[in-house]
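A.B. asks: Would you mind keeping the following structure in view while I ask a few things?
The values are calculated or read from the model by the stated rules, or taken from the named source; none is laboratory data. The shown structure was predicted, so the numbers you read here are calculated from the model rather than taken from an experiment. Heads up, the Cβs are rebuilt from the backbone with ideal geometry, glycines too, and the neighbour counts pull from every protein chain shown. Areas reflect the complete protein model, heavy atoms only, side chains present, ligands, DNA and RNA absent. Shrake-Rupley method; radii C 1.70, N 1.55, O 1.52, S 1.80 Å.
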Amino acid sequence: MDKPRESPVRLGIDLGGTKIAGVALGPDGAVKADHRIAAPRYDYAATLRAIGDMVARLEQDAGARGSVGIGMPGSVSPASGLVQNANSTWLNGKPFARDVETHLGRPVRLANDANCFALSEAVDGAAAGAASVFGVILGTGCGGGLVFNGRLIDGPRSIGGEWGHNPLPWATRDEHPGPHCWCGRHGCMETWVSGPGLEADHERIAGMRLASEEIAARAGNGDAQAQASLDRHAGRLARGLAHVVNIFDPHVIVLGGGLSQLSHLYGVLPDLMAPYIFAERAQVTIKPPRWSDASGVRGAARLWEL
Ligand SMILES: [Zn+2]
């Protein structure tokens, strides 16, 4: 039997709430196969079967057996071996690593999806060559991953880089205590800077529920209220990022997820962050992702290269 470590093909699977994406990477990082299916929802056994089907399909298309890495929401607790913090809630409390290894008949490496994103962008993406990278997901939620010298920082609780449920720092009086979060706390970064966070903020102030893309489009057309919402969002994101910079001091920050398409962020964030960063040279490099949506699967495939 092939040992995954020596396999020339690395399979990466991105287990999302609504879709499962997979890729087979060759030794040079080239895509040998890719595939995407709808994710079974609220059905744990069907999720395992779908992953098995995905692996079989990728290996058939790539013509080789591969190592398997999986990026997932939440993480597997090193202490209990059970899934924690997944917004695909049917995974929580399940021995997912053990079950998926049994189902596939081989060892599997798992990591949080934001960690996979950060790893992908650090290895051969927007932050290639940078020694320290903070990869940020701004989508329906807010996640993050830390890479230092090409390795994920993932400690005894498997929550390295998870900044989304820290509170908004340097909050003003009217930002306190902040919106209620699904995690049970108030004012988490996620409630302010995720897509739904931006949309809810716009609704609270402007009285209108609009999709993030629509808020950005209206701001581009001169809508003052939409522009004000984008400004508040960028200001809060800047404070949250500056807080992380003061701890980790990354060479590069890469933004991912749907809101990484808000192109104004790359221009305004460095100056908005600077007053909160405890350094003379406070300008931080913020980049859009190279691999966009594909970073999750590419990073998952690379979990066997660590
Ligand atoms: Zn929270």
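A.B. asks: Tell me whether segment 113-134 contains one or more residues that are over 16 Å from the mean Cα position of the chain (by Cα) and of a type in the set (Phe, Trp, Tyr).
C.D. replies: Within segment 113-134, not a single residue is over 16 Å from the mean Cα position of the chain (by Cα) and of a type in the set (Phe, Trp, Tyr).
A.B. asks: Looking at Gly93 and the list (1) under 28 Å from Cys183 (Cα atoms); (2) in contact (Cβ under 8 Å) with a residue 12 or more places away in the chain, which single condition is not satisfied?
C.D. replies: (2)
A.B. asks: Anything in segment 153-182 that is within 16 Å of the ligand (Cβ to nearest atom), touching a residue at least 40 places away in the same chain (Cβ under 8 Å) and farther than 23 Å from Val245 by Cβ? List them, or say none.
C.D. replies: Correct list: Trp182 only.
A.B. asks: Please tell me if Pro179 is open to solvent by less than 20 Å² (accessible area, probe 1.4 Å) and in contact with a helix residue (DSSP H, G or I) (Cβ under 9 Å, 6 or more places away or on another chain).
C.D. replies: The answer is no for Pro179.
A.B. asks: Okay, moving on. Identify the residue in segment 193-214 that is in contact with an Asp or Glu (Cβ under 7 Å, 6 or more places away or on another chain) and either open to solvent by less than 70 Å² (accessible area, probe 1.4 Å) or within 16 Å of the ligand (Cβ to nearest atom) (or both) and, among all such residues, is nearest to Ser263 (Cα to Cα).
C.D. replies: Once the filter is applied, the top-ranked residue is Ser212.
A.B. asks: Another question, if that's okay. Scan segment 277-292 and give yes if some residue there is among the hydroxyl-bearing types (Ser, Thr, Tyr), in contact (Cβ under 8 Å) with a residue 24 or more places away in the chain, buried (at least 17 other Cβ atoms within 10 Å of the Cβ) and in contact with a helix residue (DSSP H, G or I) (Cβ under 8 Å, 6 or more places away or on another chain), otherwise no.
C.D. replies: no
A.B. asks: When you look at Val147, is it touching a strand residue (DSSP E or B) at 6+ places or on another chain (Cβ under 8 Å) and more than 16 Å from the ligand (Cβ to nearest atom), yes or no?
C.D. replies: yes
A.B. asks: Test Arg106 against the stated conditions and say whether it is free of Cβ contacts under 8 Å to residues at least 40 places away in the same chain and of a type outside the set (A, V, I, L, M, F, W, C).
C.D. replies: Taking the combined requirement at face value, the residue does not satisfy it.
A.B. asks: Then there is this: Given the options Val68, Val108, Val100, Val76, name the one that is under 27 Å from Gly144 (Cβ atoms), of a type in the set (A, V, I, L, M, F, W, C), at pLDDT 95 or above and open to solvent by 10 Å² or more (accessible area, probe 1.4 Å).
C.D. replies: Checking each option against the conditions leaves just Val108.
A.B. asks: OK, next. Report, ordered by the first and then the second residue, all pairs with beta carbons closer than 7 Å, sequence separation of six or more or different chains, a first member in segment 18-32 that is without any contact (Cβ under 8 Å) to a residue 60 or more places away in the chain, and a second member that is assigned to a loop (DSSP other than H, G, I, E, B).
C.D. replies: Filtered contacts from segment 18-32: Thr18/Ala39; Lys19/Ala39; Ile20/Ala39; Gly26/Pro8; Pro27/Pro8; Lys32/Gly26.
A.B. asks: Let me ask something else about it. Exactly one condition in (1) more than 18 Å from the chain's Cα centre (by Cα); (2) touching a residue at least 12 places away in the same chain (Cβ under 8 Å) is false for Gly267; which is it?
C.D. replies: (2)
A.B. asks: Shifting gears a bit: Criterion first (in contact with a strand residue (DSSP E or B) (Cβ under 6 Å, 6 or more places away or on another chain) and more than 30 Å from Glu305 (Cα to Cα)) does Met189 satisfy it?
C.D. replies: yes
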